[in-house]
1. From the phi of every residue in the stretch 160-173, what ³J(HN,Hα) in whole Hz does the Karplus formula 6.51 cos²θ - 1.76 cosθ + 1.60 yield, where θ is phi - 60° and glycine or proline is x?
2. Pop out the ³J(HN,Hα) list for the stretch 76-90 in order, Karplus 6.51 cos²θ - 1.76 cosθ + 1.60 with θ = phi - 60°, rounded to Hz; leave Gly and Pro as x.
3. Ranked highest first by the average count of other Cβ atoms within 10 Å around their residues, in what order do 57-63, 31-37 fall?
4. Report relative contact order for the chain in percent, whole number only (criteria: Cα-Cα under 8 Å, sequence separation at least 6).
5. When the accessible area of the stretch 21-164 is computed with all protein chains present and a 1.4 Å probe, what percentage of it is carbon and sulfur?
6. For the chain, what class follows from the C-alpha gyration tensor (a ≥ b ≥ c being the square roots of its eigenvalues): rounded when a/c is under 1.5, otherwise prolate if a/b is larger than b/c, else oblate?
7. Could you pull out every residue, at least 5 positions away or on a different chain, whose amide H is within less than 5 Å of the one on Gly45? Hs are placed 1.01 Å off N in the peptide plane, and Pro or chain starts have none.
8. Leaving out ligands and nucleic acids, and using a 1.4 Å probe, what accessible area per residue does the chain come to in Å²?
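The values are calculated or read from the model by the stated rules, or taken from the named source; none is laboratory data. Nothing here was measured: the structure is a model prediction, and the numbers come from that model. Using ideal geometry, Cβ is built from the backbone for each residue, glycine included, and neighbour counts are taken over all protein chains shown. With ligands, DNA and RNA removed, areas are computed over all heavy atoms of the protein, side chains included. Shrake-Rupley method; radii C 1.70, N 1.55, O 1.52, S 1.80 Å.
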Amino acid sequence: MTATPRTALRARPGRVALAALGAFAALMAAMTVAATRFHDAYGSGILNLLGARNAAEPRTGGYSADTAYAWLTAFGADGRRDHLLVLLLDLPLIAAFTLFTAATLRWATPRARAGLRWALLAVPLAAAAANLLEDAGLTALLTAYPAHLDGLAAAVSAVNGLKSGLYSASLLLAVTAAAVRGVVLATGRCRVPGPATG
């Protein structure tokens, strides 16, 4: 009988976390190449990155509707099509990051109560939801052009900031929980047994 992803996550969360981390690293490398090529071809980065060349050049502060439409105009028809293609690559990237953080948190909190575990998992799940919401909004902006959806552009910019904060919190939670679990495991293994009594 073949194990389902959910069964594997429960039985071997550490292995699932490592596999998801590998997938995320590979997809992140592909996204970096795609985003960099897009920036170099069209003079500005994708809206997900607030116009930056790639994720190694983080930007904050969002963008106005006027700025968003200035970028969309500068991209031209080919650039707007290529932007949509880059958004497709975002989907497996979201899935890999969410699986990595969820599996890491499950591995790091084996004895946690269900309520606490769900509270921890809510953060990466919310990050994924915000990212999907942003991508859906960007798809609408790109496909509706030249129609101006200024309210949507401003909302998507706000969601971008929320997404970034949730992803940072997710990564911090996963890394901190894994580090604490690692220390606990190392301490238990290094403990010297006391003298036998009785």
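1. 4, x, 5, 4, 4, x, 5, 5, 4, 5, 4, 5, 4, 4
2. Once rounded to whole Hz, the list reads x, 4, 5, x, 5, 5, 5, 4, 4, 5, 5, 4, 4, 5, 5.
3. In descending order of packing, they fall as 31-37, 57-63.
4. Here the relative contact order equals 25 percent.
5. Taking all protein chains in place, the stretch 21-164 shows 67 percent carbon and sulfur surface.
6. prolate
7. Sorted by chain and number, the residues that satisfy this are Gly51, Ala52.
8. Each residue of the chain exposes 56 Å² on average to a 1.4 Å probe.
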